[in-house]
1. How big is the shadow of the Cα convex hull of segment 221-322, averaged over all directions, in nm²?
2. So between L315 and K297, what do we pick up on full extension, going 0.36 nm a residue minus the alpha carbon distance?
3. So, with +1 on the Cβ of K and R and -1 on the Cβ of D and E, and no other charges, what is the size of the charge dipole of segment 239-326 about its Cα centre, to the nearest 20 debye?
4. What value in Å³ per residue do you get for the convex hull of the alpha-carbon atoms in segment 64-184?
5. Listed here are the pairs K93/K265; K176/K236; K29/K292; K29/K167; K136/K309; K176/K271; which of them are more than 29 Å apart at the Cα?
6. Can you compute 3J(HN,Hα) from phi for each residue in segment 13-28, using the Karplus curve 6.51 cos²θ - 1.76 cosθ + 1.60 with θ = phi - 60°, rounded to whole Hz and x for Gly and Pro?
7. Between V325 and R78, how high is the FRET efficiency from 1/(1 + (r/R0)^6) when r is the Cβ-Cβ distance and R₀ = 41 Å? Nearest 0.05.
8. Would you mind computing, in nm to one decimal, how far apart the modelled labels at E85 and K274 are, each placed 7 Å from Cα along Cα→Cβ?
Amino acid sequence: MQDRDMVPVTILTGFLGSGKTTLLNRILKEDHGQRIAVIENEFGESGVDSEIIEKSEEQIVEMNNGCICCTVRGDLIRILGTLKEKRDQGALKFDRVVIETTGMADPGPVAQTFFTDEEIGNYYLLDSIITLVDAKHAPKQLDEFHEAQEQVGFADRILLSKTDLTKEDETELLIKRLKRMNPRAPIKKVHFGNAPIAEVLDIRGFNLNAILELDPEFLTSIAHEHHDEVESFVFKADKPFDGQKLENFLSGMIQMYGPDLLRYKGILWLKGKKERVVFQGVHMMMGGDMGKPWGPKEKKSSLLVFIGKKLPKDLFIAGLEECLVK
């Protein structure tokens, strides 16, 4: 299926109490004219209209505004497959899917579902991972729980809730910390998880052809107030890469450090290619795509961002430099 025919999927994650359920209930009840299937992992927080779901014999409940609510008691691939079948048969109508992970979940395995199962990956388009962060409690949560750090590391967009409960300087300190952990995710303050639908859907943060807005300026600060397990670094180069050398190097590093690599993404200038190459990966899975051609007066360069847990930054940078055309 072409991108435009695929069903877009948004993964909504965030630590316990960050406001996911508030946002989801609003999405389900709001008269936005879109038919959304919400898949809710029932373990953890009390969820979306749980009373309705508990009274139902089925896993899938149709809401009065055309939205659909599902609970996952086991396999995400199975429920996505069931939704696909019912949609293809005309038994259910929905335009997109939102998946809520539990507050203690690492969103990585959920994202990988769309790469590991061919039928699911060809039918559903992973649009983005949205992470809700509780401004009041996040500093302590990030210190104590690696899941909270991974949720930030995976984010394509961060929604910062409960900023009305914190002082402005505390909020700014947290924003700097989040940007250092994940420089590629825009951060937006929201009240009671009350984000406009446009801030959550159709972001194409995971789309390889999307224009990548990598903002590495936050990495120039040497002072680190926290030694977070999840950190990021940026590699820039004004020389082209040798494509084969780069592929061999990255494949080797992914084999060795894949479990600790949460997200990596970039725009590459490859020798002999008229177009920029857009590449990204999650853990052990890496993919690339041709982007738009370099303009005649455009300054060619490469820019890569790596987000992960205690990555050997020096080793990565030295290896990438070796892959540049001398």
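The numbers here are math on the coordinates, done by the rules we state, and not lab data. These figures come from a predicted structure and were not determined experimentally. Backbone-built Cβ (ideal geometry, glycine too); neighbour counts: all protein chains shown.
1. Values: hull surface 27.9 nm².
Mean shadow area of the hull around the Cα atoms is 7.0 nm².
2. Values: separation 18, 0.36 × 18 = 6.48 nm, distance 3.34 nm.
Net length gain for the segment: 3.1 nm.
3. That gives a dipole near 380 debye.
4. So the per-residue hull volume is 134 Å³.
5. Values: K93/K265 34 Å; K176/K236 21 Å; K29/K292 40 Å; K29/K167 32 Å; K136/K309 24 Å; K176/K271 36 Å.
Pairs exceeding 29 Å: K93/K265; K29/K292; K29/K167; K176/K271.
6. Coupling constants for segment 13-28: 10, x, 6, 3, x, 7, x, 4, 5, 4, 5, 5, 4, 5, 4, 5 Hz.
7. E(calc), rounded to 0.05, equals 0.30.
8. A separation of 4.7 nm, rounded to one decimal place.
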